[in-house]
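The values are calculated or read from the model by the stated rules, or taken from the named source; none is laboratory data. As the structure is a computational prediction, the values presented were derived from the model and not from experiment. Heads up, the Cβs are rebuilt from the backbone with ideal geometry, glycines too, and the neighbour counts pull from every protein chain shown. Quick note on the areas: whole protein, heavy atoms, side chains included, nothing else; ligands and nucleic acids left out. Shrake-Rupley method; radii C 1.70, N 1.55, O 1.52, S 1.80 Å.
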Amino acid sequence: MGNTILTGRSNAIAPIISAEDARTHITEEEYRRIRQAFQRFKNGCINYDEFCYHVLGGAQIPEDKRRLLFSFFSHGAETISFDNLLSSLVGLCRVEEVQSRFIEEYHEFASWGLSPPKLTIPLNDSYISFYEVMSYVTHLSVKEVIELEKVFATISDRAVCKLNVEKWKQALGGCFPDTYAERLFAVFDENRDCQIDFRELVCTLSALCRGPHPGRISQLARIWDVDCDKLLSDEELSNMYADLGVPVEHQTVTKSANGKAALVDFGIWAQENERYIAKYYSMALQIGHICLGLRPESKKMELQVVNEFESRASELPLSEWNIVASGWHSEYRTLLEAERTPNPIDNSGIKGTREDSWTSRLLQVACISAESARLKPDLLPMDYIRVPVPLWRAWLRWHGCALTVDSQFTRKYLDGEFFEDNKPSLELYPLEILFLGHDRKKSHDGTETTPRSLTPWACAQVSRSMTVDELLALCKTELRLGDGDARLWQVVKENEEGNVLLDDGNQNLHQLYTALGKTKKVNKMKLLLEVRERGTGVWPEELRASLSGKQITAASTLSSSNAQLSGRPGAVGLVNYGNFCYRNAGIQCLARVSPLTQYLLEDEHLDELKKANTKRRDAVETTIEYAKLLREMWAAKKKNIAPNDFNDAIRMNSDMFECSEQHDCQEFVAFLLDQLHTSMYEANKTLHPPPPAKDPKKEEENHEIEETDEEKAERSWTEYEKQNESLVTQLFTGQLRSRLVCRTCQSSSSVFEPFTSLSLPIGFEDVDLYQVIVVHRDGRIPRRYGFRLSRDSKIGHLREVVAASSGISMSHITIQCMSSKGTLMSRSPNHRSSNLRDELPLSSFPSGARLYALELPESTGEDEWRVAMHRKLQYNHEPHILGSTAGFIVSRFGLPLIVGLDEHVTGKKLYEDVMYQMHRFMEHSVNSFSSRAHDPCEDDASGFPFTLCLVDQNYEWCGQCPALRFCRGCPIRPDDNKVFIPANSPIAVDWFPIALYLRYNHSEEQACEDDPSVAETWSRHFAPSSLEHCIEKFSCPETLDAAIQCDRCEKKTTRDKVMTIWKLPKYLIIHLKRFEFLREQGRMGKCKRTVNFPLKHFDPAPFVDKPDGNTYECIALANHYGQLSCGHFIAYAKSNEDKWLLLNDCSVREVSEEEVDKQGAYLLFYERKDVK
């Protein structure tokens, strides 16, 4: 060793040993592990952040101490080399002279002299992986378990890492009888939670496909074991005989278990009568090896399984098949018969070329479909075979592929309608689609005066059966368009009017391709993928059509059902070349008001407006342009119109709508009605001057006489009509009554005011939905409760309602909040109790957090209990000096527990308390009929399967030791000695690896019963509302803040303001208030709750003070989708022929009444149907 200590730089002590000397203090295995770990770091060195995480394990030690250690390891440099890491680790961990010198220089590390840090994790302390545990208790190797996990990840539900029934069916690919598949699923699902976890999959596969043959056969009996008792009753045996077709003389299964047949009895019988169970056993092997991913144990077994699978599946009516070259398939069988390893899959013999394809180098566009390879043209049946998708995937796993790209050919089996001979067949040659996009270049000043060119964007190879909606969804996903507005157009050069908008999402590509009139062998088509610009809201293709003066053709109008729309008055689309969908939707709805539209279509009325001498020329200009637009729409000479002049008039005459940003459709309709009213009123006033006004003194004298509400309403209405005489007033104006009611004496005063749009609240209630899981100490299944509480509610109120619902005393309930990552919400740093403070607002809980109400032990004070959390320490083999923190990746899981701490509590009592609360989801007894072997740790007599440790608030580090000890938690001994638990120190339940994997039942632990309040509160919170309910909410009393003088009480009293409908107009516009300002979040929010409303026979009589007996019928509605700033408006409206139309900007198509989408309704237009 060296004999000097180099101090080099400030705060840097160089170790007194070199890297060569350090190797003499460690074994070859330790050196290899440190070297291998170091090679994982980029750039051949370790920086400060990497040092803190990988070497110090992320320990929460003071910054200056971390810097000091880094300086020691790096010799004062900015990074740590391997030699410096090795000499520093070995010096601190193994060489006393270095340790003494370091501690002498830095007294904060004096505790290291008693217990030096460890160099690496000792091999005997290394973390036992799950793969090793499963290999230990099954007939599978570690490699096989790892391979199975990779397959399991591709076929399971990734959200829960389990295989549910739906995913199970997908994995089997429809290749097996439904009844058999369902029963075998139950065999794998050992804990009967309707899901298969990876442990169940591995154990059952081992039992069915590995080990002694009699054991495999015995497992088949579980297919008929309906009650899961591992025995077959007479009824279950009868079903088995019937399924297997066993004649009476061979129905001889022994019943050795109290009149029932054990699994071993079935196994003995099955070996003697193997011909009856051969088919079922063969299918079990096929599912295990081909569908679930277990590689066959021999080439002979692989050949047998594949042959039987192909023979049985060749005639199945599957919707999808994979194409494989016959040459490779023949060679594959030959090699397996000779017990030689097959070559990788080679489809080069049937693969076509890229020449003249969209994926050629000439275009250089990406393919967004799963496959882009072509088959050779004019393939003969002898050139290829078709195999089910699961077999193709199995071959890829087992043997790989000779071609790195373009090797897979998945083809659909389609009905005869997709082929010229009208016979069902395999679609060998799918459609090749080239997607074009608009060139994003603009002029220097940002304006656009010429149409943008179209450039290649992407390509895809898809089936003819794919619909437009499915293809658009594929584009959005693969091209990462998100929720942005996008649509597809068919590029048709022969169409003089340009491209065709694909507005019918249910139309399939075969119908589009056939419409082109091309031959079937071409199999190519161009589509335009149009994306609406977020900033301006412009649809580039609509702008392109507008600038070029071409009409926009929608595919729906070309169909026989919609062809008759052409030439129909009002059935005309409006081009949206900006964020003008709100205008288009509003115009389409307002145009259905026949009297107003007819008025503006007549020349004499328009002439009156032009001749009127009025100062409001802005209103007149807007009205004239609107009238011109209506005339163009009703002339129906074009399929769609670009309302440029109208939009220019809006821009010139309105400050609110002068920009091209998204706006509110209701605000625009109100603005347009006001413009129409103003122009009509001014024109009428000019051409027909009103009579002289009455003497105001006489009017005041008349008002002094006490009036009834009817008289007030009539007088108010008459005065309003005189001052606002126009057709708009006659058609759209109704009257509201506003009453102020004294809460003391109930006296009231009324005021009447007009309205043209009735704005109704939907459901922005000042409440939030909370679901709380109540965990009892007796280990019963937790129960979940639902509550709707005010947004300003606090923990104390939540405890109160939970106590009332669960029957647990409020003093014995603690509320705990767990984040989605399994972290408990921290308490106040200065608060010693483990309980969340009652004054803490519920709004402080993070989004997606789970709330638990934990029952506390009897006769314990506030500080006589602790919260315990399950914890798994993920060990690693990287270099560290972490001592007892040998594994530093901490995983928290499971339900939190409450551990009672009375004054005489012992360690053993703590362990027994935790064990008692977990007995529901612990496997206590060894089942002799299980599908795997058992470890001694699974027996309760072997001791507790976990260690209890004292930890900090984050359950990551020790709650006792100083940070420089790098301690993960001091263990509590399970003995009869009294234990001391420091205040504010939680407890971690650290599981032994084998016990965690074999005894801890995660499905049972996650089980939870729902109280009826969960469904009830959920329904109340999210259930659809109704138009009637919205009107009722509109008329609900609102208590005013300020007191008002009451003449009867002769003092200021609190008043309730009540708004009611006095009378309704001929045309009722209802505005559903979906947007409100959320004060807590400081933003506008949208209520997406559905409002049910009638399209016909709406009777408002129950909500009108003076009903007239008339009903209303909906003639139009405007829908909003998305958010306020980036959403989209469309309209549904009735045509002159009383047919419903969907008007989506330039697209117009006829829909049935059932197809009218009510969920996104924002504006409703009702017409009164007068009683004759």
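Here is how the numbers come out for the structure above:
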| item | result |
| --- | --- |
| Where segment 154-267 is the region considered: accessible area per residue in Å², 1.4 Å probe | 43 |
| Range of Cα positions in segment 251-383 per principal axis (Å), largest first | 77, 34, 25 |
| All Cα pairs of segment 361-426, percent lying beyond 13 Å | 76 |
| Orientation-averaged projected area, Cα convex hull of segment 1094-1172 (nm²) | 6.9 |
| Under 20 Å from the Cα of Lys299 - lysines, other chains or at least 8 residues apart | Lys143 |
| Highest-first arrangement of 390-400, 808-818, 1044-1054, 339-349, where packing means the average Cβ count within 10 Å | 390-400, 808-818, 339-349, 1044-1054 |
| Segment 1039-1172 - convex hull of alpha carbons, volume per residue in Å³ | 161 |
| Kirkwood hydrodynamic radius of segment 589-633, Cα pairs, Å | 10.9 |
| Debye intensity ratio in log₁₀ form over the Cα atoms of segment 167-294, taken at each q of 0.11, 0.20, 0.22 Å⁻¹ | -0.36, -1.22, -1.45 |
| Rough spin-label spacing in nm, given labels placed 7 Å along Cα→Cβ, for Asp792 and Arg101 | 6.7 |
| Length gained when the stretch His399-Ala257 is fully extended (0.36 nm per residue, less Cα-Cα span) | 46.5 nm |
| Peptides 773-780, 585-592 ordered by average Cβ neighbours within 10 Å, highest first | 585-592, 773-780 |
| Segment 738-827: proportion of alpha-carbon pairs further apart than 20 angstrom, % | 60 |
| Whichever lysines have a C-alpha closer than 16 Å to that of Lys637, once near sequence neighbours (fewer than 8 apart) are set aside | Lys550, Lys628 |
| Full-extension gain in nm, Glu604 to Leu474, via 0.36 nm per residue minus C-alpha separation | 41.4 nm |
| Translational D in µm²/s for segment 769-811 (Stokes-Einstein at 37 °C, 0.692 mPa s, Kirkwood Rh from C-alpha pairs) | 298 |
| Extension reserve of the Ala636-His1097 stretch, reckoned as 0.36 nm per residue once the Cα distance is removed | 162.9 nm |
| Cβ crowding within 10 Å averaged over residues, with 784-795, 1009-1020, 191-202 ranked highest first | 191-202, 784-795, 1009-1020 |
